1. Can you work out the accessible area per residue across region A:2-82, with the rest of the protein chains kept in place, probe 1.4 Å, in square angstrom?
2. Quantify how strongly other chains surround peptide B:103-111 by giving the mean number of their Cβ atoms within 10 Å of each of its Cβ atoms.
3. Given a 1.4 Å probe, how much area per residue of region A:92-327 is accessible, in Å²?
4. Of A:ARG218, B:ARG299, which has the most accessible area and how do the rest follow, probe 1.4 Å?
5. Positive end of the charge dipole of region B:1-112 (Lys, Arg +1 and Asp, Glu -1 on Cβ, about the Cα centre): tell me which of B:LEU58, B:LEU11, B:GLY69 has its Cα farthest that way.
6. Summarise the accessible area of chain B (1.4 Å probe, protein heavy atoms) by the percent that is carbon and sulfur.
7. If you take each beta carbon of peptide B:91-98 and count the beta carbons of other chains within 10 angstrom, what is the mean?
8. Kindly sort B:HIS12, A:HIS200, B:HIS264 by accessible area of their heavy atoms, largest first, with the probe set to 1.4 Å.
Amino acid sequence: MFAYTMRRLLMLIPVLIGMTLITFSIVHLIPGNPAQVILGETATAEAMQNLEESMGLNEPYAVQYFIYVQDLLQGDLGTSLRSKAEIAKEIWPYIAATFELTFFAMLFAIFIGVNAGIISAWKQNSWFDFLAMLFALIGVSMPVFWLALMEQWIFAQELSWFPATGRQDNRDPMEPITYFFVIDSILHMDFTRVITTLKHLVLPSIALGTIPMAIIARMTRSSMLEVMKSDYIRTVKAKGSGQFLVIYKHALKNAFIPVLTVIGLQTGVLLGGAILTETIFSWPGIGSYVYQAINYRDYPVIQSGILVVAFIFVIINLVVDLMYKFIDPRISY
Amino acid sequence: MPETILELNELHTHFFTDNGEIPAVDGVSLSVNKGEVVGIVGESGCGKSVTSLSIMQLIPQPPGKIVSGEINFKGENLANSSNKRMKQIRGNEISMIFQEPMTSLDPLFTIGNQLREAIQLHNKMSKKEASDRALDMLEMVGIPRPKEVLSEYPHQLSGGMRQRVMIAMAMSCDPEILIADEPTTALDVTIQAQILDLMKKLNQEKDTAIMLITHDLGVVAEICDRVVVMYSGQVVEEGTTREILKDPKHPYSQGLIKSLPKIHEREQKLYSIPGTVPKPKMGVKGCRFAQRCPMAFERCFQEDPELYPLENNRRSRCFLYDDAKREVTENANADIRS
């Protein structure tokens, strides 16, 4: 297990190099010159030359890339053109917001999706199976923005069960510590705030988690159906074990590898691409951070945003790969 | 009179498919006595495996279903016993091993875990006690370095070793009867002999009855006391191994024995029964084997033969042994003589 983990970590290095090469070249793919983009079309030649020198843009590309990676290794993501703040510091609250939302969305998706898939496979062709798979089909086909708006209309406006937008009650903001608001409110020992924070998470989590939930449910069902036909499941039954042991110990573990793959991919997608949901629910996540940067042509922020999302994606894949090995002792690389 | 522990009585297991109802087991009656090794022989598709899975109530349902008949196990009819009762019986009083040792163990759990599971399902034991018992079982079935094997995964063992583990698992609760569904088919010949020896040893030491399902008459000759020959979902002949191998009564058994290669005879071509096993169908009239039978006569195509009793507790499903008919022919012969 240790050797396997080390090998997988070593394999990260070329991936990370490739990633930085791509984000590095984004700035140089901008039509015209970065200095001109920053200073605007009316800039004088002299001002442009000064800026180019101060930014190191007149150095060869190789040297520029080396400096870029050196800065990254020291945790320096550059400076935002718009706010003039250090991106490394500015980006954290957005990452935390996205993490928190993704965590609860995936919690919802995995819990409902896996269980619906299991029951559907166990009671194949029953009314439950039929209904669950119908909902799964609707779930995958439904546009997120439509679902989000419907949720807001029914549960926020008509029923007033949950707040429609934001991460907390903006009239009564809290002193952030980790920027994970659920954790923060627990750290503040303020339990009414824990409830309000969780209430803020309900609608966006469901909106964001519905598509992964549907995909996970379908994947779990088909994988379980496959496994339930296998010889070793017959052996477990022949030993005299009950349905629960058969399904939740032997069948689920064997059926889980493809489900885990889907969970990993979907988590990555949610972390990177939740812009629609974040916008509708005014959720200050990484998606809306990068979206604003695009509007302002804030290239260092776009660059850093892409790098961070790609990095998270790579880490999730690493975790999934390590979990494969944990589940299936036969896997080796 | 030996004590009968398992008795099938007119068992019918049918499969309900898109192509209609298929009587895979079509009125099977047989019995297994205490401590006896009974071989069930027949070609592929004759209903041997379905019979054994029916006893364990492990027929995939749907499409399969036990339509009628009795499965009497020590005086209790299993055909209509509850799922809860079956859980107590499976692996404890009746256990089963399968044809494919390569795929019959869960690849994601250690051998020890899977053995302990079988033990703890039927015995109130701590994990430690169950582990000790698992170790004893592995030693009993002749696994080298049993301690290490307990913490190994199935993919680290060979096919023969896995089948030994399966046997250890099946024997771990001292069952009354072990059903072995072609346990040696997927193994090579030397390993086959070892596994058969092991089963024979367990049968003698533990007095566990064995119901051995096979298509290999060599395997039957090796360890079985009694043989039941099946054809197309029915029992066609029953008797002791010695008698059936030496003097088969039913034309199908005769064909089977004739098709074995013989060590002292040089023949260019091995005998084979013409034709193939017919697919079981509902409402077939006449003897199932009549189409392929060299001795078939008119009656074979019109009426269903019964299992006619013969001397020494033998039975044969063939009109050649119908008393009524025998009388008629004997009388006819007598007439001719007089």
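The values are calculated or read from the model by the stated rules, or taken from the named source; none is laboratory data. Because the structure is predicted, anything quoted here is derived from the model rather than measured. Neighbour counts are summed over all protein chains in view; Cβ atoms, including those assigned to glycine, are modelled from backbone coordinates with ideal geometry. The area values use the complete protein model at the heavy-atom level, side chains included, leaving out ligands, DNA and RNA. Shrake-Rupley method; radii C 1.70, N 1.55, O 1.52, S 1.80 Å.
1. Computed with neighbouring chains in place, this is 66 Å² per residue.
2. 6
3. Each residue of region A:92-327 exposes 47 Å² on average to a 1.4 Å probe.
4. A:ARG218, B:ARG299
5. B:LEU58
6. On chain B, the fraction of accessible area on carbon and sulfur atoms equals 50 percent.
7. Whole-number average of other-chain Cβ neighbours for B:91-98 is 3.
8. Correct descending sequence by accessible area is B:HIS264, B:HIS12, A:HIS200.
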